[in-house]
Amino acid sequence: MIARADDTEINMKITKIEKQKNNSERYNIYADGKFYTGMGKEELLSLRLKEGDIIEENVLLAGIKEDEFLRALNKSGQYIGGGRKTQKQVEDYLIKKEFDEEIISRVIQRLEEYRYIDDAEYARAYIQQNALKGGQAVKFALLRRGVDKQTIAEALDERNDDCELEGALRAGKAYIKGRSFKDMREARSKLFQALARRGFDYDIINAAAESLLKEE
């Protein structure tokens, strides 16, 4: 409870509640004749606020905090709806939207609870969707997205050498298709460079080159 120096409660009179012009789901709340805050419909109904009510300021402040949480949660849902995201990506998004650390922490906890964010699952899905990239390229891409090294390592362990080689073969075949080389040495060198840029390691590249250039 918020109190003055003499421990008396701070009470406020809700003098006006009006729907916002640009968002029909949010309302402007006036207390003691002055604009006090904006609030979403859900939290407004939860507080059962109506014009003429006398309310303790600490109750209203708690409602504002909960409204901020719900607003951040809703924005996170919209952001995630555009495609799977990592925890770090959601955190960075909410920071840009200027939500405070406490709100962001609560949102992340809720999203994890309902599996809307799951970095381990994100890593596995990313690796599966990027079969034409080698382990190193995948690792760096996931690190940039905020996935920790241990989670990445565990996800990569699920992709065995056969899968890695298959990806290198597909990527290599796409690279050499339609290209001409003056000799086998140049073909091998160019293919090595192309697959190295995709993050495949030496042994995988060597095996892929042996297979692909033999076909040529």
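The values are calculated or read from the model by the stated rules, or taken from the named source; none is laboratory data. Note that the structure is a prediction, hence the values are computed from the model and not measured. Cβ placement follows ideal geometry from the backbone for every residue including glycine, while neighbour counts extend to all protein chains displayed.
Do any helices (runs of 4 or more DSSP H) entirely within the range 1-116 hold 3 or more residues that are closer than 30 Å to T151 by Cα and outside the structural domain of K149 (by TED's automatic domain parsing), and if so, which? Even if it seems obvious, please write down each step before you answer.
Numbers: elements: 41-47, 57-81, 87-96, 101-113.
By residue number, 57-81, 87-96, 101-113.
Yes or no: the range 130-152 includes at least one residue that is farther than 20 Å from A196 by Cβ and at pLDDT below 95.
As a first pass, look at the range 130-152 and keep what is farther than 20 Å from A196 by Cβ: 145-151.
Then keep just the ones that are at pLDDT below 95; that gives none.
No, that holds for no residue.
Mind counting the residues in the range 137-155 that are hydrophobic (A, V, I, L, M, F, W, C) and surrounded by 18 or more Cβ atoms within 10 Å (Cβ to Cβ)? Show your work before the answer.
First pass over the range 137-155, keeping only residues hydrophobic (A, V, I, L, M, F, W, C): 137-138, 140-143, 147, 152-153, 155.
This time we only want the ones that are surrounded by 18 or more Cβ atoms within 10 Å (Cβ to Cβ), so: 138, 142, 147, 152, 155.
Count: 5.
Scan the range 181-192 for residues that are over 23 Å from I127 (Cβ atoms) and surrounded by fewer than 18 Cβ atoms within 10 Å (Cβ to Cβ) and jot them down.
Within the range 181-192, F181, K182, D183, M184, R185, E186, R188, S189, K190 qualify.
Name the single residue that is surrounded by the fewest Cβ atoms within 10 Å (Cβ to Cβ) among those in the range 114-129 being farther than 19 Å from G199 by Cβ and among the aromatic types (F, W, Y). Please lay out each step first, then the result.
Taking the range 114-129 and keeping what is farther than 19 Å from G199 by Cβ, we get 114-121.
If we keep only those that are among the aromatic types (F, W, Y) as well, we get 114, 116.
Numbers: Y114: 8, Y116: 18.
Result: Y114.
May I ask you to list pairs of residues, at least six apart or on different chains, whose Cβ atoms are under 7 Å apart, with the first in the range 186-211 being in the same structural domain as L169 (by TED's automatic domain parsing) and the second being assigned to a helix (DSSP H, G or I) and aromatic (F, W, Y)?
L191/Y175; A194/Y175; I205/F192; A209/F192
Specify which of the listed residues (G199, G178) is surrounded by fewer than 16 Cβ atoms within 10 Å (Cβ to Cβ), of a type in the set (G, A, S) and not in a helix (DSSP H, G or I). Show your work before the answer.
On the way: G199 fails: surrounded by fewer than 16 Cβ atoms within 10 Å (Cβ to Cβ).
So the residue among G199, G178 that is surrounded by fewer than 16 Cβ atoms within 10 Å (Cβ to Cβ), of a type in the set (G, A, S) and not in a helix (DSSP H, G or I) is G178.
Out of the range 44-60, which residues are surrounded by 13 or more Cβ atoms within 10 Å (Cβ to Cβ) and either within 19 Å of S105 (Cβ to Cβ) or hydrophobic (A, V, I, L, M, F, W, C) (or both)? Show your work before the answer.
Our first condition is that a residue be surrounded by 13 or more Cβ atoms within 10 Å (Cβ to Cβ); within the range 44-60, this holds for 44, 46-47, 49, 53, 55-60.
Correct list: L44, L47, L49, I55, V59, L60.
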